[in-house]
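*Asks:* Mind having a look at this structure? Questions to follow.
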Amino acid sequence: QARLVESGGGLVQPGESLRLSCVASGSDFNFYGAYLMGWYRQPPGKQRELVATISGGEITDYASAVQGRFTISRDNAKKTVFLQMNSLQPEDTAVYYCNAKRSLPTQEIDYWGQGTQVTVSS
């Protein structure tokens with residue numbers, strides 16, 4: 001059974017930092033490096049949106065709203081993806097979700113974590 005578990009969320013003041021982690025487990029992740037890992041977020045009352053992605057070869061992509069403030073990284077040996085969030089602002093408040101995607105010849109694999117709350121408020 002594949003599982004993604006996020007941690008590291010919390011309440012911070014504007015300008016502060018947080019580091020999110022997402023650990024993958026289960027036999028589907030025996031080839032963890034083949035997965036495109038990503039972080040998404042869902043602000044209150046809004047739709048889920050892409051934050052950042054990182055390929056197995058560590059090619060990264062960021063939403064314009066977080067470019068230069070957030071950094072995504074991964075440790076394939078530990079099957080973990082991280083999101084370092086600096087200079088947090090109230091508009092970064094959201095539930096942050098970890099995502100794993102992999103394309104196979106006959107199917108698309110798409111796993112989600114349960115989410116971790118990030119609240120930025122003074």
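*Asks:* Listed highest first by mean packing, meaning other Cβ atoms within 10 Å per residue, what order do 23-30, 3-10, 56-63, 96-103 come in? Could the numbers behind the result be given before it?
*Replies:* Values: 23-30: 14.5, 3-10: 16.2, 56-63: 12.6, 96-103: 19.9.
Packing proxy ranking, top to bottom: 96-103, 3-10, 23-30, 56-63.
*Asks:* At 1.4 Å probe radius, can you tell me the per residue accessible area of the chain in Å²?
*Replies:* 53
*Asks:* Could you go through the stretch 69-83 in sequence order and give the Karplus-derived ³J(HN,Hα) for each residue, using 6.51 cos²θ - 1.76 cosθ + 1.60 with θ = phi - 60°, rounded to whole Hz, and x for Gly and Pro?
*Replies:* Taking θ as phi minus 60°, the curve returns 10, 10, 9, 9, 8, 9, 10, 5, 5, 9, 6, 10, 10, 10, 9 Hz for the stretch 69-83.
*Asks:* Below 8 Å, C-alpha to C-alpha, sequence gap of six or more: please give me the relative contact order for the chain in percent. Please list the in-between numbers first.
*Replies:* On the way: 297 pairs, mean separation 42.5, N = 122.
Across the chain, relative contact order equals 35 percent.
*Asks:* Continuing with the same structure: Summarise the accessible area of the chain (1.4 Å probe, protein heavy atoms) by the percent that is carbon and sulfur.
*Replies:* In the chain, the share of accessible area belonging to carbon and sulfur is 47 percent.
*Asks:* For a quick size check, give me the Cα extents of the stretch 1-104 along its three principal axes, largest first, whole Å.
*Replies:* Projected onto its principal axes, the Cα set of the stretch 1-104 covers 39, 25, 24 Å.
*Asks:* Here's a follow-up. Rounded to the nearest 0.05, what FRET efficiency is calculated for K78 and Q1 with R0 set to 30 Å and r the Cβ-Cβ distance?
*Replies:* It comes out at approximately 0.95.
*Asks:* While we're on this one: Within the stretch 61-104, what residues put their amide N at less than 16 Å from the label point 7 Å along the Cα-to-Cβ vector of E49?
*Replies:* Counting backbone N atoms under 16 Å from the label point, the list is 62-70, 88-97.
*Asks:* What lysines sit close enough to K46 to cross-link, taking a C-alpha to C-alpha distance under 25 Å and skipping anything fewer than 8 places away on the same chain?
*Replies:* K101
*Asks:* What number, in percent, do you get for the relative contact order of the stretch 42-104 if the mean sequence gap of Cα pairs under 8 Å and at least 6 apart is divided by its residue count?
*Replies:* This gives 30 percent for the stretch 42-104.
*Asks:* Please report how far the C-alpha centroid of the stretch 87-118 lies from that of the stretch 1-28, rounded to the nearest whole angstrom.
*Replies:* A separation of 10 Å, based on Cα centres.
*Asks:* Please compute the modelled spin-label separation between S122 and L104, points set 7 Å along Cα→Cβ, answer in nm with one decimal.
*Replies:* 5.1
*Asks:* Can you list residues whose amide H is under 5 Å from R74's amide H, if they're 5+ apart or on another chain and H is modeled 1.01 Å from N?
*Replies:* Amide H neighbours of R74, under 5 Å, 5+ apart: F82.
The values are calculated or read from the model by the stated rules, or taken from the named source; none is laboratory data. Since the structure is predicted, the reported quantities are computational estimates derived from the model, not experimental observations. Glycine also receives a Cβ, built like all others from the backbone with ideal geometry; neighbour counts cover every protein chain displayed. SASA here: full protein model, heavy atoms, side chains in, ligands and nucleic acids out. Shrake-Rupley method; radii C 1.70, N 1.55, O 1.52, S 1.80 Å.
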